[in-house]
Amino acid sequence: MAKNTLSSRFRKVDIDEFDENKFVDDHDEPADQQGPDAVEVDNLIRQGDMMAALHIALRNPPINSRNPAIKERAQAVVLRVLTSFKSSDIEPAVKSLNKNGVDLLMRYIYKGFERPTENSSAILLQWHEKAFAVGGLGSIVRVMTARKTV
Amino acid sequence: MSYHSFLLEPISCHAWNKDRTQIALCPNNHEVHIYKKDGNNWSKIHVLKEHNGQVTGIDWAPESNRIVTCGTDRNAYVWTLKGDVWKPTLVILRINRAARCVKWSPKENKFAVGSGSRLISVCYFEQDNDWWVCKHIKKPIRSTILCLDWHPNNILLAAGSCDFKCRIFSAYIKEVEEKPAPTAWGSKMPFGEVMFESTGTSGWVHGVCFSDSGNRVAWASHDSTVAVAEGGKTAVCASLTSETLPLLCVTFITENSLVAAGHDCYPVLFVYDSNKAAMSFGGKLDVPKQSAQKGMTARERFQNLDKKATTDSKEAVLESVHKNSISQISILNGGKAQCAKFCTTGMDGGMAIWDVKTLESAMKDLKIV
């Protein structure tokens, strides 16, 4: 067959970047969202105050931040808290959250599913079941339709 | 509440005539079928064949008895009844993507078409040329327009779009009407002006509705929320997240109460409290007759555990009247101020008519304010 003698460089061009009608999200200013305070959360876990640790871990979610390091750090903190919980304590912990808290918890849970580790999936599934009982399908839909990740 | 199953295919869209004896609907193909009520049955009396693509929107003007339809073939037709036949008139919308929704204005001298071309075509009849002409509203729309609703003043138009925003535009056409009086949404209303743009909810806006006075607008978006905004110096927004699947259509039944329905296959009531600027869940409007709970034998329990890993006895059968998502809701009697009956059609090819008084008495705790 005839050999392709012309340049194939055009095949590597991302045509969507040049689409003048491409949809670009509104960029909210990255508020000073540093994610939850890891030190405070650590202290509370060591003291055994799991409820407070959860509430602190769910504060200041780095939603608007464009820095992936901050997001990684926040995810790690929340995952630590979630795995340190005893199975029987999960349900009352979820019940103590308000609507926004449950939605935020769901977002962290799904973020945790993306990178499974040794036993994180099992714990996350338990959390998912309890959070689903409170938040319903709506909370999962909100995770799926959110334009910015936690 | 009555339910009639028209077809096996989804009903893409429907519209009622003025005295609610005839319904025009699209059976998920290129045609529009008009059914007439015949006692307890419905008989098909007309088939309107002109579109080359699926008909995505139908609206029936009550006073002038004209039907406007729009479809994925990028066209809209205005149908007038001549004797016993509906005659179409093509309207050139100048769009290059499918049309998605169409609505007559309250005075029926204009209609608006939302399309995938990221614009709204506002069409009016030009007497000199004996032809429908359209004007485009383009900025700042950035994605498909999914739903439209007119303000009672015939000028303002609410549009829900796939760019996650609900907006109110001015569709003032100086050729056919007078300058409008100021409203709660603003006083300067040149054509295409954005009077309001929503913030706070994400997700495609599937359904939008003005209240009867026009001072409030409600929209349902794909992130399972429903929101109401009230016009004023600064528009006040109140939204409610729900635990259900996303809602596809919403309508006001009184100034403070909304009914919405969607992928969960049953209509739901929401109540808006303007003093607190907050919305609350009013109740599920579809209480199925309680079927007798059969006891489960030990064998059935074990089988369930084996097959589905649960001992739950709930069968995978929907208990609601509609067996598939509800895609459109329309008011039959009473208008948006004191609705007495409303109608829902859905993907199960069925149409259900709901009586507000019966619902109120059937469900205690249901308060329609």
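The values are calculated or read from the model by the stated rules, or taken from the named source; none is laboratory data. The shown structure was predicted, so the numbers you read here are calculated from the model rather than taken from an experiment. Positions of Cβ are backbone-derived with ideal geometry, glycine not excepted, and every protein chain shown enters the neighbour counts.
With respect to being surrounded by 13 or more Cβ atoms within 10 Å (Cβ to Cβ) and within 14 Å of chain B (Cβ to nearest Cβ), residue A:112 falls outside the description.
Taking residue A:89, is it surrounded by 14 or more Cβ atoms within 10 Å (Cβ to Cβ), of a type in the set (D, E, K, R) and not in a loop (DSSP other than H, G, I, E, B)? No; evaluated as a whole, the condition is false for this residue.
For every residue, the table says whether it meets (1) touching an Asp or Glu at 6+ places or on another chain (Cβ under 7 Å); (2) within 14 Å of another protein chain (Cβ to nearest Cβ); (3) modelled with pLDDT under 85; (4) not in a loop (DSSP other than H, G, I, E, B).
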| position | (1), (2), (3), (4) |
| --- | --- |
| A:1 | no, no, yes, no |
| A:16 | no, no, yes, yes |
| A:28 | no, yes, yes, no |
| A:69 | no, no, no, yes |
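With a requirement of 2 or more residues that are in contact with a helix residue (DSSP H, G or I) (Cβ under 9 Å, 6 or more places away or on another chain) and at pLDDT below 95, none of the strands (runs of 3 or more DSSP E) lying completely within segment B:121-167 satisfies it.
A count restricted to segment B:74-89 and to residues that are out of contact with any strand residue (DSSP E or B) (no Cβ under 6 Å at 6 or more places or on another chain) and in contact (Cβ under 8 Å) with a residue 40 or more places away in the chain stands at 1.
Which is farther than 24 Å from residue A:40 by Cα, within 17 Å of the chain's Cα centre (by Cα), at pLDDT 90 or above and part of a helix (DSSP H, G or I), of A:106, A:144? Walk me through how you get there before you give the answer.
On the way: A:106 fails: farther than 24 Å from residue A:40 by Cα.
When all the criteria are applied, what remains is A:144.
Residues in segment B:227-263 that are within 14 Å of chain A (Cβ to nearest Cβ) and in contact with a Gly (Cβ under 9 Å, 6 or more places away or on another chain): 12 in all. Of everything in segment A:64-88, what is more than 17 Å from residue A:106 (Cα to Cα) and among the charged types (D, E, K, R)? Give them in sequence order. Across segment A:64-88, the qualifying residues are A:66, A:73, A:86. Scanning segment A:115-145 for residues being at the interface with chain B (Cβ under 10 Å from one of its Cβ atoms), among the small types (Gly, Ala, Ser) and touching a helix residue (DSSP H, G or I) at 6+ places or on another chain (Cβ under 7 Å) gives a total of 2.
Mind checking which residues of segment B:196-233 are touching a helix residue (DSSP H, G or I) at 6+ places or on another chain (Cβ under 7 Å) and charged (D, E, K, R)? Spell out how you get there, then give the answer.
The initial filter retains those residues of segment B:196-233 that are touching a helix residue (DSSP H, G or I) at 6+ places or on another chain (Cβ under 7 Å), namely B:202-203, B:222-224.
Residue satisfying the conditions is B:223 alone.
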